[in-house]
Amino acid sequence: MQYDVIVIGSGPGGYVGAIRCAQLGLKTAIIEKYPTFGGTCLNVGCIPSKALLDSSEHYHNAAKKFPEHGIQLSDLKVDIEKMMARKTDVINQNTAGIQFLFKKNKIDSFQGVGSFVDKNTIKVTKEKGETEQITGKNIIIATGSKPTALPFLPIDKKRIITSTEALELKEVPKNLIVIGGGVIGLELGSVYARLGAKVSVIEYANSIISTMDAGLGKELQRTLKKELGMEFFVGHKVKNANTKGKKVTVTAEDKKGKEVTFEGDYCIVSVGRSAYTENLELDKIGIELEEKTHKIPVNENLETSVPGVYAIGDVIKGAMLAHKAEDEGVFVAESIAGQKPHINYNLIPSVVYTWPEVASVGKTEEQLKEKGTKYKTGSFSFKASGRAKASGDANGFVKVLADAESDEVLGVHMIGPRAADLIAETVVAMEYRASAEDIARICHAHPTYSEAVKEAALAATDNRAIHA
């Protein structure tokens, strides 16, 4: 079968790219090795974790927050089996939706492992070993990523687990150890902390969410400790872990080199993700992976060293984010169709779906200082927000960074209620190169959380202190 485009992988980048290709009149096929579409994000990542985050938030609010609202409950308990069943239903609804879109857009789907025979021929190996070959003028590699393993810490998928197994637990741990204070570890740690687990987070860096603006990690750590009782051990290097019966013991070194041990019912290893390129047989078409990251090198058009073969999402450089992959899928589809698409990588927002939520776009203060950029900063605390006070969500702040001379917004960093949604306003503003004053002069409805963005922009506009 001859196609204009063959997409390998049906995660956010793959399925969005395939649909856009079909919309542009290109005969399109997609290959997925798992029985359901949607990749990590829909099956064992973004969607199921958000389903559990919402469920656990409802429980936590009912147990801890409702009384102050004058709502009294008794005999409150967690039905973990039903909670997991709801999560599975959410997954099924989303994956079925993708299947519907494939049919609607006349995209042919193949179940199996896709590998290169040559630059235009892909072999699909099915679960029972049968194979078939399809050919395409253009190939898009969208095979995503997998959890990174530590070589000295074997994952048994029973007590020492990854995020995948953490989404399937049949009980709420009494004590949960989380190795890694990044997005995945904090989100899953929050789920079980809300449900009653005592959660200990071990992080090698000196702060959690260390790639984001420093103030965000500090505030998030303070709030999660205060609200959920989570404990944090930053600057700790994990040495090993072992399981005995139903207990896991993790050994680490603190900043002074002193040995520290942690005991728990489960240990989630969440130290990042690695590009998944196994079984593609890239060597057959002459593609070599980057030495350090093992990612696929691409040019500014997201084309590999082999003409007509593209790569997007987690298998290439940049942040491992579903929405980045989606934008890249559209970018490649429109490029193949002869259009001139656009991606501004500086304006791809990052979000942590804890509560409070954390969101960031553009440059951090640390990056501006490193480059010697003169900038102004304005902050606004949710403690001063009428809407946040009314809802009882007054933790956090919004910080706006603007150029000292032009007042152009260079970065926005926030932690607070609905930050994941609030960040979009600033992404739009920055896409059109708005100044802090532009945002400050826009009328925001009252009382809303979004007023915090306006107030932070106003503070940046009026700020007389200039940092270099």
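Remarks
- Projected label points at residue 78 and residue 243, each 7 Å from Cα along the beta carbon direction, are separated by 2.0 nanometres.
- Spin-label pair residue 290-residue 121: with each label point 7 Å from Cα along the Cα-Cβ axis, the two points sit 3.2 nm from one another.
- Restraint check, 128/158; 158/226; 103/123, Cα-Cα greater than 25 Å: 128/158; 158/226
- For the range 356-462, the square roots of the Cα gyration tensor eigenvalues, ordered a ≥ b ≥ c, give a/c of at least 1.5 with a/b greater than b/c, which places it in the prolate category.
- Residue ranges 55-68, 191-204, 159-172 sort as 191-204, 159-172, 55-68 when ordered by packing (mean number of other C-beta atoms within 10 Å per residue, highest first).
- Relative contact order, percent, the range 131-219 [alpha-carbon distance under 8 Å, six or more residues apart]: 21 percent
- Of 324/454; 225/389; 340/371; 82/295, those spanning more than 29 Å from alpha-carbon to alpha-carbon: 340/371; 82/295
- Sorted peptide list for 285-292, 265-272, criterion being average Cβ within 10 angstrom, highest first: 265-272, 285-292
- With a cut-off of 12 Å between beta carbons, the residues surrounding residue 405 carry a summed charge of -1, where Lys and Arg count +1 and Asp and Glu -1.
- Applying both filters, DSSP loop and at most 14 other Cβ atoms within 10 Å, to the chymotrypsin sites (Phe, Trp or Tyr not before Pro) of the range 295-351 eliminates every site.
- Euclidean distance of C-alpha centroids, the range 366-427 and the range 168-227, integer Å: 23 Å
- Proximal charge balance of residue 442 [Cβ under 14 Å; K/R count +1, D/E count -1]: -3
- By average C-beta atoms within 10 angstrom, highest first, the peptides 250-258, 178-186: 178-186, 250-258
Read-outs throughout are calculated quantities, based only on the coordinates presented, and are distinct from any laboratory measurement. Quick caveat: nothing in here was measured; it's all calculated off a predicted structure. Virtual Cβ from ideal backbone geometry, glycine too; neighbours counted across all protein chains shown.
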